[in-house]
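The values are calculated or read from the model by the stated rules, or taken from the named source; none is laboratory data. Quick caveat, the model's predicted, so the values are computed rather than measured. Glycine also receives a Cβ, built like all others from the backbone with ideal geometry; neighbour counts cover every protein chain displayed.
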Amino acid sequence: MKLEKLYNLIGSDMKAVDAVIRTRLHSDVALVRQVAEYIIQSGGKRLRPALVLLSAGALGYQGKQHLELAAVVEFIHTATLLHDDVVDESDMRRGRETANGLFGNAASVLVGDFLYSRAFQMMVEVDDMRVMRVLSDATNIIAEGEVLQLMNCHDADVDEARYLQVIRYKTAKLFEAAAQLGAIIGRASPEIEHGMVEFGMHLGTAFQLIDDVLDYSGDEVETGKHLGDDLAEGKPTLPLIYVMQNGTAEHAACVRRSIENGGRDDFPAVLEAIRATRALEHAKKCAQAEANLATAALEALPASIYKDSLLELCLFAVARAF
């Protein structure tokens, strides 16, 4: 399944969003422009802004606010990536050198701040208090998720509930906000808006679960990141938690040691433990369950080609290889 096919419906709007992004990236400070344009042009699936466009289309929205809001969501996402890579000391994203690797940590953090503040300038211009509340709350919760993930690093006692809390906060919240924004500007009923919120939350959770699977099984060229990055950073993701709960004592001890110490020395042994316990299959089943919940959440949404594309995104979230 290719995103290009899913995006055919909103192709012209996606180009318009890209134009908004380029315009809004302007700054009189050359380094701000340079770093921001580098990270924005580094590729990426543009999934979150697409959710804004598809959700608005599914509710029959006819104005232009969805273009600005899609760009706002992309700026918030990009700012989190800039900060993430500094915290994680990452050197590669989307197959390219990270901004912090190229421009330094200080520039990455400060340009991330610029993108956050530019996003808030843009959402104020929309002049809708509900829109501002959704985006400001989402940004705050995402920041809490970042801190929760930092606290969980190198902690081998993290259980599935704590792991899922990080996902709901750090990743799924912006999916949720993107879907809800389309419902708000489309003047959806409370029932449908609630369904869009649930849809975004479950879709984002499925998406992150598959990300965590791909960290142990993906093609580095397609994913644009090194295999085992999460392990090297001491992140206790679902495959590792499953091994510790369901593997042999030797498997559990190996994974525990790897989480606590970080690094890649034990990566082959951890990969063997993951395969022996079929931990990736378990994580995929969990992702499929979330995608099924996302699909069910759209039941009250009127039939349309936009709804069809939202449903196809649920399939893509689980079946993707990047």
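Does Ala79 fit the bill of being in contact with an Asp or Glu (Cβ under 8 Å, 6 or more places away or on another chain), at pLDDT 90 or above and more than 30 Å from Ala303 (Cα to Cα)? Break it down into steps so the answer makes sense when it comes.
Details: in contact with an Asp or Glu (Cβ under 8 Å, 6 or more places away or on another chain): yes; at pLDDT 90 or above: yes; more than 30 Å from Ala303 (Cα to Cα): yes.
Yes; evaluated as a whole, the condition is true for this residue.
What are the pairs with Cβ atoms under 6 angstrom where one residue, in segment 36-61, is modelled with pLDDT under 95 and the other, located anywhere, is of a type in the set (Gly, Ala, Ser)? Sequence gap at least six, or different chains.
Between residues of segment 36-61 that are modelled with pLDDT under 95 and residues that are of a type in the set (Gly, Ala, Ser), the close pairs are Tyr38/Ala99; Ile39/Ala99.
So that you can scan it fast, the table gives a plain yes or no per residue for (1) at pLDDT 95 or above; (2) among the small types (Gly, Ala, Ser); (3) outside any loop (DSSP other than H, G, I, E, B):
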residue	(1), (2), (3)
Gly204	yes, yes, yes
Ile210	yes, no, yes
Leu227	no, no, no
Leu240	yes, no, yes
Ala252	yes, yes, yes
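Can you work out which of the residues in segment 246-263 that are polar (S, T, N, Q) and under 22 Å from Asp229 (Cα atoms) is surrounded by the fewest Cβ atoms within 10 Å (Cβ to Cβ)? Let's see the steps before the verdict.
Applying the first criterion (polar (S, T, N, Q)) to segment 246-263 yields 246, 248, 258, 261.
Retained after the next criterion (residues that are under 22 Å from Asp229 (Cα atoms)): 258, 261.
On the way: Ser258: 25, Asn261: 13.
Of everything passing the filter in segment 246-263, Asn261 is surrounded by the fewest Cβ atoms within 10 Å (Cβ to Cβ).
Pick out the one residue from Ala296, Ala303, Ala321 that is in contact with an Asp or Glu (Cβ under 9 Å, 6 or more places away or on another chain), surrounded by fewer than 18 Cβ atoms within 10 Å (Cβ to Cβ) and not in a helix (DSSP H, G or I).
Numbers: Ala296 fails: not in a helix (DSSP H, G or I); Ala303 fails: in contact with an Asp or Glu (Cβ under 9 Å, 6 or more places away or on another chain).
So the residue among Ala296, Ala303, Ala321 that is in contact with an Asp or Glu (Cβ under 9 Å, 6 or more places away or on another chain), surrounded by fewer than 18 Cβ atoms within 10 Å (Cβ to Cβ) and not in a helix (DSSP H, G or I) is Ala321.
Here are the criteria: (1) touching a Pro at 6+ places or on another chain (Cβ under 9 Å); (2) farther than 21 Å from Val87 by Cβ. Tell me which single one Met201 does not satisfy.
Condition not satisfied by Met201: (1).
What is the residue count in segment 149-167 for residues that are surrounded by 20 or more Cβ atoms within 10 Å (Cβ to Cβ) and free of Cβ contacts under 8 Å to residues at least 40 places away in the same chain?
1
Pick out, from segment 35-142, the helices (runs of 4 or more DSSP H) lying fully within it that include 3 or more residues that are among the polar types (S, T, N, Q) and closer than 25 Å to Ala16 by Cα. Spell out how you get there, then give the answer.
Working: elements: 47-58, 65-88, 99-103, 105-126.
It comes to 65-88.
Just name the residue that is surrounded by the fewest Cβ atoms within 10 Å (Cβ to Cβ) out of those in segment 274-292 that are within 15 Å of Ala319 (Cβ to Cβ) and of a type in the set (S, T, N, Q).
Out of the qualifying residues, it is Asn292.
Residues checked against (1) closer than 26 Å to Ile141 by Cβ; (2) surrounded by 24 or more Cβ atoms within 10 Å (Cβ to Cβ); (3) of a type in the set (Ser, Thr, Tyr):
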{"position": "Arg46", "(1), (2), (3)": "yes, no, no"}
{"position": "Leu67", "(1), (2), (3)": "yes, no, no"}
{"position": "Phe75", "(1), (2), (3)": "yes, yes, no"}
{"position": "Thr80", "(1), (2), (3)": "yes, no, yes"}
{"position": "Asp91", "(1), (2), (3)": "no, no, no"}
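I'd like to know if segment 256-271 contains one or more residues that are out of contact with any Asp or Glu (no Cβ under 8 Å at 6 or more places or on another chain), in contact (Cβ under 8 Å) with a residue 40 or more places away in the chain and under 16 Å from Asp211 (Cβ atoms).
No: segment 256-271 contains no residue that is out of contact with any Asp or Glu (no Cβ under 8 Å at 6 or more places or on another chain), in contact (Cβ under 8 Å) with a residue 40 or more places away in the chain and under 16 Å from Asp211 (Cβ atoms).
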